[in-house]
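We did not get these values from a lab; they are worked out from the coordinates using the rules stated. Bear in mind that the values here come from a model prediction, so they are computed numbers and not experimental data. Here Cβ is always computed from backbone atoms with ideal geometry, including for glycine, and neighbour counts include all displayed protein chains.
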Amino acid sequence: MYESGAYVAAALEAAGAELDGDQRQPNGVDLTVDSMFEPIEPGRIGRDGKRVGERRELSPSGPPNTNASDGADRTAGVYRLDPGAYVVRYGEPVRIPEGHVGFVYPRSTLLRNAAMLNTAVWDAGYEGVGEGLLRVGHEIEIEPGARIAQLVLARADHDGTYDGSYQAENL
């Protein structure tokens, strides 16, 4: 059974996330874009270990959006992404409570703009600022701080909690 958005919000706030009202959804919490990366060398996944390939952090470009539809004055440009694969780092720290598993799904606006977000399961006990794979099928502009994903928590039986190499990542 999935938890309510209020429950997910409380879990993120306990991990140090500062959420605004628009991020709280009935069944989860929207995650925002903190930074964007482009892979520049191969990684490796073997039977005896793994290595994440080097990547280049992208910078938002273009003039700030001072006429945002929500009335906000944006001081940063946008990520202008060509078709391809990118790694997005979310803006919120996450702590998956014991007795739960976390799933991150793309917001539908990404899909409607020919982009897809792929993520992995977040096990009970995982704590960090996670990342996802953003696949862009057609040119798109994404503003830093934009809501692109939704985290939901489901109740789950488990043996132990996460204690892997990505524990406390990006904190």
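General remarks:
- Neighbour cut-off at most 11 other Cβ (10 Å), DSSP loop, trypsin sites (Lys or Arg not before Pro), segment 1-64: ARG47
- Helix-only mean residue ellipticity at 222 nm for the chain, each DSSP H run of n ≥ 4 adding -39500 (n - 2.57), per residue, nearest 500: -2500 deg cm²/dmol
- Here the simple spin-label model places points 7 Å from the Cα toward Cβ, and for ALA154 and PHE37 these points are separated by 2.8 nm.
- Segment 4-16 - phi-based ³J(HN,Hα) in whole Hz, Karplus 6.51/-1.76/1.60, Gly and Pro as x: 6, x, 4, 5, 4, 4, 4, 5, 5, 5, 5, 8, x
- The local environment of ASP159, defined by Cβ-Cβ distances under 13 Å, has a net charge of -4 under the rule Lys, Arg +1 and Asp, Glu -1.
- Other-chain or far-sequence residues with amide H under 5 Å of ALA149's (modelled H): LEU31, ARG107
- Tail beyond 28 Å, pair distance distribution of the chain (Cα, percent): 25 percent
- Student exercise, the chain dipole from Lys, Arg, Asp, Glu Cβ charges, in Debye to nearest 20: 480 debye
- Interchain or long-range residues, amide H under 5 Å from ASN27's placed H: GLY5
- Among the GluC sites (Glu not before Pro) within segment 116-151, those in coil by DSSP and having at most 15 neighbouring Cβ atoms inside 10 Å are GLU139.
- Calculated from backbone phi, Karplus (6.51, -1.76, 1.60) coupling profile of segment 123-136 in Hz, x at Gly/Pro: 6, 3, x, 4, 9, x, 10, x, 9, x, 9, 9, 9, 9
- Whole-Hz ³J(HN,Hα) from phi, Karplus 6.51 cos²θ - 1.76 cosθ + 1.60, for segment 36-43, glycine and proline x: 10, 10, 10, x, 10, 8, x, x
- Dipole axis of the chain (+1 Lys, Arg; -1 Asp, Glu on Cβ), positive-most option in VAL78, HIS138, GLY125: HIS138
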